[in-house]
Structure formats: C-alpha cells, structure tokens
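Accompanying notes for the structure given below.
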Amino acid sequence: MAAEVEADPRITVHLNSAVTRTSGAPGRFPADIATESGSTVTENFGAIIQANGFVPYDANKLPELGYGKTPDVVTHLELEKLAKDANGGPIKRPSDGKEVKSVAFAQCAGQHSAKPGHLPYCSEFCCTTSIKQAMYFMNGFRKSVKTALKMNSVGTGMMKTARMSPMEMVGGHAVKDLSGFHKVLQKAKELEDARIAQHG
C-alpha cells in the first residue's frame, strides 16, 4: 500500500515531517509542514483527516468480563484478526476452532468509570467498531445472536440521534449492566450445552 501511495502522482508524501499550523475553512486549509531539514512548506488542502491512532485498552484489567479466563473472550483487535483469518468464511472460535454460533459485544468496557485503571471518558470508538464487526456475523450467518453489552447509555453521531444502541441498529438487542451481561453469558452457555448434548 505504501508503494502505491508513493507512486500515485496525485499524492505528495512528506516523510519525517510534522504539521505545525493549520488555518482556513472547509474547502481551503493552508497547512504549514516542518521538514526534517528545518525548512517549512505551506500546502493548501480541501479537507484534513486526523488519523493519529490509538492505544488499545488493556483487557487484562477487566477480569469480570472473562478476558484471560477463556480464549473465546477476545478484544476487538483479536476479533479483527479472527475475521481476517476467516477470509470471508465463518469466524472460528479460538478455543476449539469451531464456527461461532453466537456473539456478544461488551461496550464501554473499562470506560466511564472512576475505578483505578479505568478511563473516566468515552473513547467514542467501540460503538462504531461493534457495528462494523457485528456485520461480519450478520453477513456470514444470520442465525447468530447479536447482543450489545452496553455498560452506559451513550453513543456518538447517528446513535445519539436515534437513541439506539449499536446492536439495535443492526437487529440485535442490548443489556445495560453487568447483571445483564452475566445473564447473557449464562444463556449462551445453556444454549451451547444443549447444542452439544443434541448434536455432539
């Protein structure tokens, strides 16, 4: 991808550089770019995309959600890898390599919390990521149980406007506290045990 970007005549790549100032308005943004040599160039842009990355939250701080206790409780990055490995096919469980039959998303985990090690704010990331990843299961096999485990009633953009949780937007349902989370886990275990007993 980097080679394609550098080869595209419509793209100017500034390596080892930093944007030191922006001004203007939508459609015309002058930006000062400081280069490694110490010089500064000014370029004009129609739009600015801020993509500064993020640091994943340490899920080991959430033992109450089962992370680290069972291989089938994964982070969104680990689920993304499972989806990539599936290459468009059914996503497989890490524990036994079998096809995932139901899935639950724990949102706002470690956020909106005054507990030590938790974040007091919303990342504004997990809601939209959960919608995207729920689509992996909806598109692959619509029998999946899609549940949002939403610790707080928050959302961004269209979710705030619609006053819906991400899973409600894609046809699932939501529970809003840990007691609901544990009920969902128990129900999922009962369904899985019943399936194993019936089909082996």
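The values are calculated or read from the model by the stated rules, or taken from the named source; none is laboratory data. It should be emphasised that the depicted structure is a prediction, and the values quoted were computed from it without experimental measurement. In this analysis, Cβ positions are derived from the backbone assuming ideal geometry, glycine residues included, and neighbour counts consider all displayed protein chains. In case anyone asks, the SASA skips ligands and DNA or RNA and just uses the protein heavy atoms, side chains included. Shrake-Rupley method; radii C 1.70, N 1.55, O 1.52, S 1.80 Å.
Against the definition (assigned to a helix (DSSP H, G or I) and in contact with a helix residue (DSSP H, G or I) (Cβ under 8 Å, 6 or more places away or on another chain)), how does Ala104 come out, yes or no?
On the way: assigned to a helix (DSSP H, G or I): no; in contact with a helix residue (DSSP H, G or I) (Cβ under 8 Å, 6 or more places away or on another chain): yes.
Judged against the criteria, Ala104 is not a match.
Which residue, of Arg10, Arg21, is loosely packed, with under 13 Cβ neighbours inside 10 Å, at pLDDT 90 or above and over 30 Å from the mean Cα position of the chain (by Cα)?
On the way: Arg10 fails: at pLDDT 90 or above.
Just one listed residue meets the conditions, Arg21.
Would you please name the residue that is farthest from Pro116 (Cα to Cα), looking only at residues in the range 49-64 that are of a type in the set (A, V, I, L, M) and exposed (fewer than 10 other Cβ atoms within 10 Å of the Cβ)? Don't jump to the end; show me each part of the working.
Applying the first criterion (of a type in the set (A, V, I, L, M)) to the range 49-64 yields 49, 51, 55, 59, 62.
Those left that are additionally exposed (fewer than 10 other Cβ atoms within 10 Å of the Cβ): 49, 51, 55.
Working: Ile49: 33, Ala51: 28, Val55: 18 Å.
Ranking the qualifying residues of the range 49-64, first place goes to Ile49.
Given the criteria under 30 Å from His14 (Cα atoms) and of a type in the set (S, T, N, Q), does Ser130 qualify? Full working, then the answer.
On the way: under 30 Å from His14 (Cα atoms): no; of a type in the set (S, T, N, Q): yes.
Against the criterion (under 30 Å from His14 (Cα atoms) and of a type in the set (S, T, N, Q)), Ser130 does not qualify.
Taking the criterion of being modelled with pLDDT under 90, closer than 19 Å to Ser95 by Cα, of a type outside the set (Phe, Trp, Tyr) and open to solvent by less than 90 Å² (accessible area, probe 1.4 Å), would at least one residue in the range 68-78 satisfy it?
Narrowing the range 68-78 to residues modelled with pLDDT under 90: 68-70.
Now restrict to residues that are closer than 19 Å to Ser95 by Cα: 68-70.
Now drop any that are not of a type outside the set (Phe, Trp, Tyr), which leaves 68-70.
Then drop every residue that is not open to solvent by less than 90 Å² (accessible area, probe 1.4 Å), which leaves 68, 70.
Yes: the range 68-78 contains one or more residues that are modelled with pLDDT under 90, closer than 19 Å to Ser95 by Cα, of a type outside the set (Phe, Trp, Tyr) and open to solvent by less than 90 Å² (accessible area, probe 1.4 Å).
Being open to solvent by less than 80 Å² (accessible area, probe 1.4 Å), closer than 26 Å to Ile131 by Cβ and in a loop (DSSP other than H, G, I, E, B) is true for just one of Gly97, Gly110, Gly117. Which residue is that? Break it down into steps so the answer makes sense when it comes.
Details: Gly97 fails: closer than 26 Å to Ile131 by Cβ; Gly117 fails: closer than 26 Å to Ile131 by Cβ.
The match here is Gly110.
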